[in-house]
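Reading through the structure tokens given below for one structure.
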Amino acid sequence: MQPFVDFKNVWLAYNDELLAKNQFAVEDISLQVTEGEFIAIVGPSGCGKSTFMKLTTGLKMPSRGSIHINGDAVTGPLKISGMSFQAPSLLPWRSTIDNVLLPLEIVEPHRSQFKARRDEYRERAKKLLQTVGLGGYEDKLPHQLSGGMQQRASICRALIHEPKMLLLDEPFGALDAFTREELWCTLRDLWRAQKFNVILVTHDLRESVFLADTVYVMSRSPGRFVVKREIGLARPRDLEVTYTAEFTDIVHELRGHIGAMRKAGTAVAQ
């Protein structure tokens, strides 16, 4: 079975001048992700996690190596992916449901069908909002929603066109601990129901261990994967698992890898 995401010896320099100097943002990344797999990427700030996301979505092309998604070479921005970031970035003048519908208005093939299928699309958005606990908030403006509600709406917007892959870049980082854990469970349930691929970039090791099938640790810049840790915790996972010794041991193990890199980086700087 071919992998859904397939990176082969991928290097990226941000421009020709840096490439000529062999100064890379990420180097020698090889990664194979199966269809429906949930992976998380952790590592120190500035290690290239967000750069990896840009490569995966086709927003950046590799300087060396190749990337295939769902069997096709990545040659430009992907239409089969959805993205959500730390800042929900909802348009303040649009209602919650109209923010969720936005990708269908601007991305083909939905854009050309939008007027004819408007009622169908609105019903799809309404059901999605109900799934994440936002039923009844369809007509609210963003400023009328809490931060957690805005992030829920942002995730719905990323999923409204039924992508095969969801990319999340620190999506819960700005939220309080309780809201963050609620959204872990929301994301867990959406993924279990639809089985799209997920690539989660996060600084939160507990988040990565709770949600992912596999956690990858990136080194300091230039970023490369130095640890691959499969998470053997049984699914479905409830928040109670985060208080078990098995869970805590995995978190400490990952923290140890990142701590070792921080010490090595400090030693080099000195």
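The values are calculated or read from the model by the stated rules, or taken from the named source; none is laboratory data. As the structure is a computational prediction, the values presented were derived from the model and not from experiment. Cβ coordinates were reconstructed from backbone atoms using ideal geometry, including for glycine residues, and neighbour counts include every protein chain displayed.
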- Selection count, the stretch 21-63, where residues are basic (Lys, Arg) and in contact (Cβ under 8 Å) with a residue 12 or more places away in the chain: 2
- Query: Which of (1) surrounded by 20 or more Cβ atoms within 10 Å (Cβ to Cβ); (2) out of contact with any Ser or Thr (no Cβ under 7 Å at 6 or more places or on another chain) is the odd one out, the single condition LYS195 does not satisfy?
  - Reply: (1)
- Task: Select the helices (runs of 4 or more DSSP H) contained entirely in the stretch 127-243, then report the ones holding at least 1 residues which are over 17 Å from the mean Cα position of the chain (by Cα).
- Result: 147-159, 177-194
- Message: Only one of ALA116, ALA73 is hydrophobic (A, V, I, L, M, F, W, C), surrounded by fewer than 17 Cβ atoms within 10 Å (Cβ to Cβ) and not assigned by TED's automatic domain parsing to the domain that holds LEU159. Can you tell me which?
- Response: ALA73
- Query: Scanning for something under 18 Å from the mean Cα position of the chain (by Cα) and either modelled with pLDDT of 90 or more or under 20 Å from ARG229 (Cβ atoms) (or both), does the stretch 7-20 turn up at least one residue?
  - Reply: yes
- Please tell me if LEU128 is surrounded by fewer than 18 Cβ atoms within 10 Å (Cβ to Cβ), in contact (Cβ under 8 Å) with a residue 24 or more places away in the chain and more than 30 Å from PRO222 (Cβ to Cβ). no
- Query: Can you tell which of LYS164, LYS195 is out of contact with any strand residue (DSSP E or B) (no Cβ under 9 Å at 6 or more places or on another chain) and touching a residue at least 60 places away in the same chain (Cβ under 8 Å)?
  - Reply: LYS195
- Looking at the stretch 34-59, which of the residues that are β-branched (Val, Ile, Thr) and more than 15 Å from SER208 (Cβ to Cβ) is modelled with the highest pLDDT? THR34
